[in-house]
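Since the structure comes first, as structure tokens, the remarks are kept for the end.
The values are calculated or read from the model by the stated rules, or taken from the named source; none is laboratory data. Small disclaimer: the values here were computed from a predicted structure and weren't measured. Here the Cβ positions follow ideal geometry from the backbone for every residue, glycine too, while neighbour counts run over all protein chains shown. Each accessible area value is taken on the protein alone, full model and side chains, heavy atoms only, with ligands, DNA and RNA left out. Shrake-Rupley method; radii C 1.70, N 1.55, O 1.52, S 1.80 Å.
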Amino acid sequence: MDYTAKLDEALNNLHEEGRYRTFIDIERKNGNFPHAMWRKPDGSEQPITVWCGNDYLGMGQHPAVLAAMHEAIDATGAGSGGTRNISGTTVYHKRLEAELADLHHKEAALLFTSAYIANDATLSTLPKLFPGLIIYSDEFNHASMIEGVRRNGGAKRIFKHNDVADLRAKLEADDPAAPKLIAFESIYSMDGDFGPIEALCDLADEFGALTYIDEVHAVGMYGPRGAGVAERDNLMHRLDIINGTLAKAFGVMGGYIAASAKMCDAIRSYAPGFIFTTSLAPAIAAGAAASVAHLKTDNALREKHQAQAKVLKFRLKGMGLPIIDHGSHIVPVIVGDPVHTKSLSDMMLENYGIYVQPINFPTVPRGTERLRFTPSPVHGPNEMDALVRAMDELWSHCALNRAELAG
């Protein structure tokens, strides 16, 4: 086989479909985010405003977070020095796990290097702990959940997105005595819609199933202490396993699960994705713990974040743009074609200094390609005005009229 030719073929397919992904080389400016510097391929630089970041609240530059990280580096150095089982557990990891357990009102929490690994490792390990386990997974669950369910070797059922009736039918069709788990998200990141958490918990109670929720796009931002949508809706006590991230609203890096002490101990003891991975650097754990602790009390930041999202959606709707609005902080504008989406993204960056990454298949279904904006408390009125003006001008620019882009 001509291996190079096969690689060329695979990459050319992406180029021809208009969904080849390019990395934009940016340098964030501490204390000045969402402003950053774009380093162009020719070596020149251009100031830009980031409108697609996951640092939802700007905590990646918060003084309390930075101070905690500096202190940890000065005290311990750079890396952790090993896996959690072999010299890689420090006071910073234990402190962070305690903060997370307290946040979600659970007995324990378990740290991973990312929420992707936390989902994959946990969901792929559960059938080892509960032989015969059937996992019922929402069809729009994140790729990390899909991968964990796929790899676990157990039975799985995929139910229609947020469709409680479809899930009920699948539960009724299976052996009542079989162990079961329902896996879903609180906020689905591409459309920004909410999962029917209470209804899913009701089904879990009725059919004797465990519940597994991914709160990645909600922790830090919803609930009186930032524990997520389940906290906002007073449902945390009904969820057996909560997955979250430290890399979005908390502004640092890493992922975790929060659950009973026995559940966390079992995952810790059986999940290869935990056992054989070097632990987070102590400075990262320290910064994340400071961020979690701070956001337990900073409701003003959460309220400002929600207000910014509402303002942006209101203004884009007023221009007649096809946005999806389910009431969350995520603002998707549907373009519907990968080539047009990439063209819009490129023009926003090159002509207006606005960075928003195109979202294409397989992240979203074909025909729903989009620009996904993530407003934050650090996007001020000037940044908002510039974005709205750019979208208004570009929506019909270069012969791409509104009708074409919307359909």
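Points worth noting:
- With respect to the chain, whose longest principal axis is taken over its alpha-carbon atoms, helix 338-352 is tilted by about 70°.
- The Tyr270 and Tyr3 beta-carbon pair, evaluated with R₀ = 30 Å, returns a calculated FRET efficiency of approximately 0.20.
- The residues neighbouring Glu369, those whose beta-carbon lies less than 12 Å from its own, together hold a net charge of +3 under the Lys/Arg +1, Asp/Glu -1 convention.
- C-alpha long axis of helix 197-207 to longest principal axis of the chain, angle in °: 30 degrees
- Efficiency of FRET from Cβ geometry, Ala98 and Asp233, R₀ 30 Å, rounded to 0.05: 0.75
- Restricting the calculation to Cα atoms, segment 1-127 shows an Rg/Rh of 1.07 when the hydrodynamic-style radius is the Kirkwood one.
- From phi via Karplus (6.51, -1.76, 1.60), per-residue ³J(HN,Hα) for segment 298-315 in Hz, x at Gly/Pro: 8, 6, 4, 5, 5, 5, 5, 4, 5, 5, 4, 5, 5, 5, 4, 4, 4, 6
- Between the amide H of Phe373 and those of Val331, Val333, distances stay under 5 Å, these residues lying 5 or more places away or on another chain, with hydrogens modeled in the peptide plane.
- On Cα atoms only, tilt of 261-270 relative to the major axis of the chain in degrees: 80 degrees
- Summed over the residues of segment 177-236 and divided among them, the accessible surface reaches 26 Å² per residue at a probe radius of 1.4 Å.
- Over the chain: helical MRE at 222 nm, DSSP H runs n ≥ 4 each giving -39500 (n - 2.57), nearest 500: -13000 deg cm²/dmol
- Distance between the pseudo-spin-label points of Lys262 and Glu172 (7 Å out from Cα toward the beta carbon): 3.2 nm.
- On segment 43-155, 57 percent of the accessible area sits on carbon and sulfur atoms, based on a 1.4 Å probe.
- Across segment 381-387, rounded Karplus estimates of 3J(HN,Hα) from the backbone phi angles (6.51 cos²θ - 1.76 cosθ + 1.60, θ = phi - 60°) give x, 5, 5, 5, 4, 5, 5 Hz, Gly and Pro being marked x.
- All-pairs alpha carbon distance profile, the chain, 10 Å steps from 0, percent: 5, 21, 29, 27, 15, 3, 0
- Amide H to amide H distances under 5 Å link Phe159 with Ser137, Asp138, Glu139, where only residues 5 or more positions off or on other chains count and H is placed in the peptide plane.
- For the pair Asp205 and Asn13, a Förster radius of 41 Å applied to the C-beta separation gives a FRET efficiency near 0.30, rounded to the nearest 0.05.
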